[in-house]
């Protein structure tokens, strides 16, 4: 995007592009929208558009840090070791996890994969000593990696395929009559992109895939195979194959139409963990399991940790227990959010799976 376009509303740029070259794919629409959105703001916290688990309670990051320390200790305490976080938000999770690791003698080098300049500035204040990367390619090529990706995969652009009367087509975006954008079926046959067992689905069926999520898990699994280590992918999504669109947008903590103001809201889609686990296994990596976040945090002892914090600071007891309930409650984050664990073949099985 040119400098002259940088301040122009993305909707206007899309309309001009579509007028000149035809419909754009939903994946293109989502990718450009989120690139503009994350480049221009800190979207997190009560003053932003959404709140993630680390911002709800320190217990979340602490338990992740303890899980990683436990894996590293049982694997033989190999050094040098690297803490790698994909999409680290404001650095809150890293700060809490690293503090918990240090109690058990784990002081890794810190590597944050972040493309947003705005968020890098916030992270720098929170996690001094970190090194930043735009992608995984510049991470150290030696030493085990302890990888965390919390609400990272959900913002990667999805591709949607729809079964029409004429066969499978990609969903494309065009301007609608009321100013908002709408989805239509493209003109190119897309049967080759649909897995064989799913091709006979009923007309109107939508299949959603995320090439970026697949590539990320494939690359992380390869790193674990080459260097050792373990990884946690935490996000909202499903662990069984599903049909349908899960695209959604959030602005100022409310769900909004993803097609009205591109670049001004956070566009996300549910993570398809059912597809990602076999991708990791295809590289020889150990899939530890995919568990509901609530069950995983309970297995790690979040209830006991909440009791301890509440006893230490009785004036905050109600808030501590409310935060715990938000993280593990089935009607809140406990069931919708999943935790997928991966490990190198020589590494132990992880707690909670």
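Just so it is clear, none of the values below were taken in a lab; they were calculated from the coordinates. Everything numeric in this text was worked out from a predicted model, so none of it was measured. All Cβ positions, even for glycine, are placed from backbone atoms using ideal geometry, and neighbour counts span all protein chains on display.
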With runs of 4+ DSSP H residues as the only contributors, calculate the mean residue ellipticity of the chain at 222 nm using -39,500 (n - 2.57) per run, divided by the residue total and rounded to the nearest 500.
-> -11000 deg cm²/dmol
Give the angle, between 0 and 90 degrees and rounded to the nearest 10, that separates the Cα long axis of helix 26-39 from the longest principal axis of the Cα atoms of the chain.
-> 50 degrees
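Please rank 60, 181, fewest neighbouring Cβ atoms within 10 Å first, as an exposure proxy. Don't jump to the answer; show the numbers that get you there.
Values: 60 26, 181 23.
Ranked by crowding around the Cβ, least crowded first: 181, 60.
If the chain between residue 74 and residue 313 were fully stretched, how many nm would it gain, using 0.36 nm times the residue separation less the Cα-Cα distance?
Details: separation 239, 0.36 × 239 = 86.04 nm, distance 3.28 nm.
Residue separation times 0.36 nm, minus the Cα-Cα distance, leaves 82.8 nm.
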What Rg and what Dmax come out for region 212-294 when only alpha-carbon atoms are used, in angstroms?
-> 15.4, 45
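May I ask you to sort 64, 110, 184 by Cβ crowding, counting other Cβ atoms within 10 Å and putting the fewest first?
Least crowded to most crowded, the residues run 184, 110, 64.
How many Å³ per residue does the convex hull of the Cα positions in region 97-241 occupy? Spell out each step's value before the answer.
On the way: hull volume 25.9 nm³, N = 145.
Normalising the Cα hull of region 97-241 by residue number yields 179 Å³.
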In region 230-270, which residues have a backbone nitrogen under 17 Å from the label point lying 7 Å from residue 39's Cα in the Cα-to-Cβ direction?
-> 262-267
List the residues of region 173-202 whose backbone N lies under 18 Å from a point placed 7 Å from the Cα of residue 256 along the Cα-to-Cβ direction.
-> 176, 178-182
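Which value results when the Cα radius of gyration for region 254-298 is divided by 2.2 N^0.38 Å? List each step's numbers first, then the result.
Working: Rg = 16.2 Å, N = 45, 2.2 N^0.38 = 9.3 Å.
Against the empirical 2.2 N^0.38 Å value, I get 1.73 for region 254-298.
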Simple SL model, points at 7 angstrom along Cα→Cβ for residue 321 and residue 226; separation in nm is 5.0 nm
Measuring from the lowest to the highest alpha carbon on each principal axis, how far does the chain reach, largest first, in angstroms?
-> 59, 43, 39
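Counting DSSP beta bridges with both partners in the chain, what percentage is antiparallel, nearest 5?
On the way: 35 of 57 bridges.
Of those bridges, close to 60 percent are antiparallel.
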Which angle from 0 to 90°, rounded to the nearest 10, does the C-alpha axis of helix 211-227 make with the longest principal axis of the chain?
-> 30 degrees
Region 211-353: C-alpha pair distances exceeding 19 Å, % = 62 percent
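Which ordering of 282, 245 is given by a fewest-first count of other beta-carbon atoms within 10 Å?
Numbers: 282 11, 245 17.
If I rank by nearby Cβ atoms, fewest first, I get 282, 245.
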What angle, in degrees between 0 and 90 and rounded to the nearest 10, separates the Cα long axis of helix 92-102 from the longest principal axis of the Cα atoms of the chain?
-> 30 degrees
